[in-house]
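I have placed the structure first, in the form of structure tokens, so that the comments after it can refer back to it.
None of the figures in this text is laboratory data; all of them are computed from the coordinates on show. Since this is a predicted model, take the numbers as computed values, not measurements. Glycine also receives a Cβ, built like all others from the backbone with ideal geometry; neighbour counts cover every protein chain displayed.
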Amino acid sequence: MSPDREFITGLPKAELHLHLEGTLEPELKLELARRNGVDIGQTSIDQIRDSYHFVDLTSFLAVYYPAMQVLVTEQDFHDLAIAYLRRAAADGIVHTEMFFDPQAHTDRGIPFATVIDGLWSAVQEAPALGVDASLIMCFLRDLSAESAMATLEASLPYKDRIIGVGLDSDERDNPPEKFTEVFARARQAGYRLTMHCDIDQPDSIDHIETVIHRIGVSRIDHGTNLVEDPALVEEVRDRGIGLTCCPMSNSFVTVGHTPTMKGEEIVQLLRAGVKVSLASDDPAYFGGYLVDNFVGLVERMDLSREEVIQLARNSLEISWLDAGRRTRLLDRLEDYVAR
Ligand code: ADE
Ligand code: ZN
């Protein structure tokens with residue numbers, strides 16, 4: 001029998017693929033637009049929701065970036081992150097590693113310090129909400145490598161607030177090797193490494209191979225096309241490289257808007273022993289938070305109780321928590337399962 005929503009909610013788990021800017025719900029978007037006197041072209045929740053027509057990654061990003069203009073002050077960034085952290089706690093998330101896109105803000109004149117100070121004050125409040133939280137800085141791959149390098153340098157004074165770096169935005173014509181030097185420098189600075197390999201991109205397998213062999217990531221965000229290369233599946237499994245898969249997002253950003261969530265592929269990788277975890281990507285845009293993603297996949301793929309537990313276990317195992325904290329959270333998971 002498949003586990004139900006209540007069991008899944010109570011399961012201690014980590015969320016490792018979550019864009020904070022993608023948690024901007026229409027209600028908060030309107031509130032911040034009013035607070036900052038920003039004209040977003042829409043004045044009601046319905047109008048905002050009606051503008052969400054995504055048929056692929058590019059059309060999603062075309063709605064996603066303009067909405068960020070409502071984020072102006074340190075307080076705005078704090079409020080954005082706190083709203084997500086409350087939601088995460090309600091979903092039984094005990095640890096989250098949250099992406100943010102500094103260039104999407106600094107390029108419109110918001111200082112790096114405003115972004116990081118606002119987000120960091122929320123991170124510090126997270127334990128009181130019952131969640132551990134940390135920040136991953138993503139570079140926008142459709143901007144230049146020089147811009148990414150400058151952002152990396154700007155982040156160094158705040159290095160103790162950022163656990164790692166990632167790569168997001170439009171993958172088409174922006175392969176991982178464009179950022180080889182930036183990621184080498186990030187590694188040297190002590191950051192952990194992950195990169196998006198989005199769904200069904202031209203050259204998906206090449207990109208996955210590059211992030212493993214040339215960039216040396218410890219996780220891949222999405223990366224589901226891995227399933228097409230059995231030898232690479234074995235390598236990813238043997239090296240314990242984690243995948244952060246986002247079922248609801250997959251239904252939106254795959255070309256033609258397929259409702260399959262890439263469920264077959266995700267489950268095939270899980271059953272092959274790859275450390276697959278689930279995440280919500282941009283929940284305010286893709287219709288659901290982490291538990292919704294679990295429930296959606298369970299219903300579509302008829303996952304067993306043990307498989308659902310393994311997804312949660314993987315999320316803690318591939319997290320960038322220190323070993324002691326990770327062990328304590330894994331113990332909590334096993335206690336919950338035993339009860
Ligand atoms: N930025 C926010 N969500 C993203 C996604 N799913 N892929 C690439 N970049 C993103
Ligand atoms: Zn993503």
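From least to most packed, judged by other beta carbons within 10 angstrom and beginning with the fewest, Asp168, Asp117 follow the order Asp117, Asp168. For the pair Glu299 and Met1, label points projected 7 Å from Cα toward Cβ lie 1.9 nm apart. Taking Lys and Arg as +1 and Asp and Glu as -1, the other residues whose beta-carbon sits under 11 Å from that of Gly273 total +1. So which aspartates and glutamates can Lys29 reach, going by Cα to Cα under 13 Å and dropping same-chain residues fewer than 8 places off? Within the straight-line cut-off, Lys29 pairs with Glu21, Asp39, Asp46, Asp76, Asp79. The distance linking the range 225-283 with the range 130-202 is 21 Å (Cα centroid to Cα centroid, whole angstrom).
Taking a straight Cα-Cα cut-off under 26 Å and skipping sequence neighbours fewer than 8 places away in the same chain, the lysines within cross-link reach of Lys275 are Lys13, Lys262.
Over the chain, calculate the relative contact order: mean separation of alpha carbon pairs under 8 Å at least 6 apart, over the residue count, as a percent. Relative contact order here is 22 percent.
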